[in-house]
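Here the structure comes first, spelled out in structure tokens, and everything after it is commentary.
The values are calculated or read from the model by the stated rules, or taken from the named source; none is laboratory data. Bear in mind that the values here come from a model prediction, so they are computed numbers and not experimental data. All Cβ positions, glycine included, derive from the backbone under ideal geometry; neighbour counts span all protein chains shown. These accessible areas exclude ligands, DNA and RNA; they are computed on the full protein's heavy atoms, side chains included. Shrake-Rupley method; radii C 1.70, N 1.55, O 1.52, S 1.80 Å.
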Amino acid sequence: MEFKVPTMAELMAAGEEPEILFWVGCAGSYDERAQKITRDICKILHHVGIKYAVLGTEESCTGDPAKRAGNEFLFQMQAMANIEVLNAYNVKKIVTGCPHCFNTIKNEYPGLGGAYEVIHHTQLIQDLINEGKLKAEGGESFKGKKITYHDPCYLGRGNGIYEAPRKALEVLDAQLVEMKRCKSNGLCCGAGGAQMFKEPEKGNKDINVERIDEALEIGPQVIAAGCPFCMTMLSDGVKLKDKEQEVKVLDIAEITARANGL
Amino acid sequence: MVAQIIFLVLTLAAIALFTVNLRKIIRNIRLGKPVNRQDQPQKRLLTMLRVAFGQSKMVVRPIPAFLHFFVYIGFVIINIEVLEIMIDGLFGTHRIFNGLGGLYNFLIGSFEILAFTVWVSCAIFLVRRNILKIKRFSGVEMKSWPKSDANYILITEILLMSAFLFMNAADAKLQVMGASHYVTAGAFPVSQYLMNILPASESALIMIERSCWWFHIIGILAFLNYLPYSKHFHILFAFPNTYFSNLEPKGEFTNMASVTNEVKAMLDPSFIPAETEAGKFGAKDVTDLSWVNLMNAYTCTECGRCTSVCPANITGKLLSPRKIMMDTRDRITEVGQNIDKHGAEHQDGKSLLDDYISREEIWACTSCNACVEACPVNIDPLQIIMELRRFAVMEESQAPGSINAMLGNIENNQAPWKYSPADRFNWAQES
């Protein structure tokens, strides 16, 4: 990257505190596709000049997949260890690159001693747009392009956030088209509830294929996502349908970074 | 006088029987584990008013919402008429409220129009269920009794409304003929059209009017006692069920306090838990679930909105959130019957998990909350699925192999995949 991503440890050593902690998440850290999104979120943060930091190697799984799989022990072990790190750094505000991390830290950590202001990166982008710090200029033009947004369950139904990601897309002057099942009626990509880590049960179709069929029906050029797991499922679906040339699956952060030439 | 005594006995017997069954259901619900749903009374009241009284979650599907609204409003308002029937039955009076004059005419006229709309709506519902074969009303769990249950309810309502309208038609005709006892009262915007098909003789008309009157009131009392056995129980339980529903974000799952104690003790040996509650983690049987889960089960009217939006069910998997609720009710009913027959200590060796709900079902869930969102009375099938998973994983260590691998990775590498924690920050090195 063209700039150095600051860590909490470095800032603390310099006697400083960031305005916001960027919680990258496991997918954002290790998954090649999601790593690109992580870097784009950093580019946006860097571009607007927010004082931020990441935990780097001190970050650890939030415990979300363990909790959804039914292993509350492992979840709480992870949660308490993370809370100890976050509290030690006196973290006040967190932005996450993943709706699952977002939901877990925001809703399930407070009861275990970790109370922070938590936002998802699409909310950060919306705020930056509202504050006039982010526009859609100097980069790739999405003007007139047909874009459809897939609601991640843990952002949408799970936490009622439907507008922020759509606001982030509205500035593009693109043609936003909704799928039949959207917002509170949105169809899951098939990865939630620890499904990401197992083969699906016997059925007649994969959930991500059902979703991609629905998305392709409206003939979009871009399917916008806000979750690394949705990203995997939707990309796989597009690949399976042999539509990789015509349809791009992009995270809102990637779209924002591209539109601003970051 | 004899009629009044028969009426009194029937009414008291019906109310007594209903009370016995209702108390059994409340006792069964109380077999569930405690959960605090007494907080934020104002928000709870508003939720109940909006979702149950206001039917706010029905509007998503306009056609059934429209028809259901007529049946709902008809049910609520026509019950004012039942009050008059009760008083007339007990005191041998006839149309006791006729003193209200113009208001009475307005009321009876409204009841007639509502009775007609209820009749038509129920008829359309029957067509939807049995002729149009709407997918939502089928499915593995909708065979035999649940299928008949719906039809019985609709047919009963049609019969009750027919009796009400024919009673009024005969009454109106008797009023015109100036028959004694039949005071001129009421307006008959619907039943006036039925007058012509009734016989002209006064005795036959009285016979019809009385038969319909008795059929209507006995039908209502019988229907009341059918409720505790039926999916139709939602007409009562929709209200407490929405009042006590979850007010937190849907994505938030409960943190198990029993686990918190153990984890704290593990991390800090000097920690002494305030109160250790013994018992298992998660749920194997219905009595391991919370009382709200059990109330949810009694409230479910098997409409299938949950199942029709479930991504697992849509793609042909075995999981159906409606079946989760129906299984829970069937099992808690069975547990209750065991208590009645054999006492509270009796164990029948069966459980909700495996005997009713299979592992394949609980592992097909994506926890997407679509079922919870879709339920018009705020039932939460996801919570039951999660409690069953918790039992399978924490008490039995029985999870699909790949799930165990994922859990092992989190334990060892602090990530669900097999990557080294030392490599977690490598993404910043590339461009």
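Details
- Among the candidates B:Leu289, B:Leu294, the residue that is modelled with pLDDT of 95 or more and in contact with an Asp or Glu (Cβ under 9 Å, 6 or more places away or on another chain) is uniquely B:Leu289.
- In the stretch A:7-23 there is at least one residue that is assigned to a helix (DSSP H, G or I), surrounded by fewer than 20 Cβ atoms within 10 Å (Cβ to Cβ), hydrophobic (A, V, I, L, M, F, W, C) and touching a Pro at 6+ places or on another chain (Cβ under 7 Å).
- So B:Lys284, is it touching a residue at least 40 places away in the same chain (Cβ under 8 Å) and open to solvent by 50 Å² or more (accessible area, probe 1.4 Å): yes
- 2 or more residues polar (S, T, N, Q): qualifying helices (runs of 4 or more DSSP H) within the stretch A:78-177: A:121-130
- Residue check for B:Ile385: among the hydrophobic types (A, V, I, L, M, F, W, C), more than 9 Å from chain A (Cβ to nearest Cβ), touching a residue at least 40 places away in the same chain (Cβ under 8 Å) and touching a helix residue (DSSP H, G or I) at 6+ places or on another chain (Cβ under 8 Å): no
- Only one of the numbered conditions (1) closer than 18 Å to A:Ile41 by Cβ; (2) at pLDDT below 95 is not met by A:Asp173, and that is (1).
- Residue in the stretch A:130-148 that is within 14 Å of chain B (Cβ to nearest Cβ) and either touching a helix residue (DSSP H, G or I) at 6+ places or on another chain (Cβ under 6 Å) or at negative phi (or both) present: no
- Where a residue in the stretch B:193-207 is closer than 21 Å to B:Glu112 by Cα and its partner, wherever it lies, is surrounded by fewer than 16 Cβ atoms within 10 Å (Cβ to Cβ), with Cβ under 7 Å and at least six apart: B:Leu205/B:Pro199
- Out of A:Lys243, A:Lys180, one residue alone is at pLDDT 95 or above, in contact with an Asp or Glu (Cβ under 7 Å, 6 or more places away or on another chain) and more than 9 Å from chain B (Cβ to nearest Cβ). It is A:Lys180.
- Taking the stretch A:78-95 as the range and being away from chain B (no Cβ under 14 Å) and within 16 Å of A:Cys61 (Cα to Cα) as the test, the residues that pass are A:Leu86, A:Ile94, A:Val95.
- Qualifying residues in the stretch B:294-314 (those that are part of a helix (DSSP H, G or I) and not hydrophobic (A, V, I, L, M, F, W, C)) - the one nearest to B:Val335 (Cα to Cα): B:Tyr298
- Verdict on B:Ala150 being surrounded by fewer than 19 Cβ atoms within 10 Å (Cβ to Cβ) and not hydroxyl-bearing (Ser, Thr, Tyr): no
- Residues that are surrounded by 23 or more Cβ atoms within 10 Å (Cβ to Cβ), over 22 Å from B:Asp423 (Cα atoms) and touching a residue at least 12 places away in the same chain (Cβ under 8 Å) within the stretch A:45-74 comprise A:Leu45, A:Lys67, A:Arg68, A:Ala69, listed in sequence order.
- Unmet criterion (only one of (1) within 11 Å of chain A (Cβ to nearest Cβ); (2) farther than 20 Å from B:Arg27 by Cα; (3) under 23 Å from the mean Cα position of the chain (by Cα)) for B:Thr307: (1)
- One residue from B:Lys323, B:Lys317 being part of a loop (DSSP other than H, G, I, E, B), open to solvent by 10 Å² or more (accessible area, probe 1.4 Å), modelled with pLDDT of 95 or more and within 22 Å of B:Lys250 (Cβ to Cβ): B:Lys317
- Enumerated helices (runs of 4 or more DSSP H) restricted to the stretch B:160-267, each holding at least 1 residues that are open to solvent by 50 Å² or more (accessible area, probe 1.4 Å), closer than 23 Å to B:Cys300 by Cβ and more than 14 Å from every other protein chain (Cβ to nearest Cβ): B:202-226, B:234-243
- Test for A:Ile129: is it under 30 Å from A:Asp173 (Cα atoms), aliphatic (A, V, I, L, M) and in contact (Cβ under 8 Å) with a residue 24 or more places away in the chain: yes
- Filter result (among the hydrophobic types (A, V, I, L, M, F, W, C), more than 7 Å from every other protein chain (Cβ to nearest Cβ), under 20 Å from the mean Cα position of the chain (by Cα) and assigned to a helix (DSSP H, G or I)) within the stretch A:33-77: A:Ala34, A:Ile37, A:Ile41, A:Cys42, A:Ile44, A:Leu45, A:Val48
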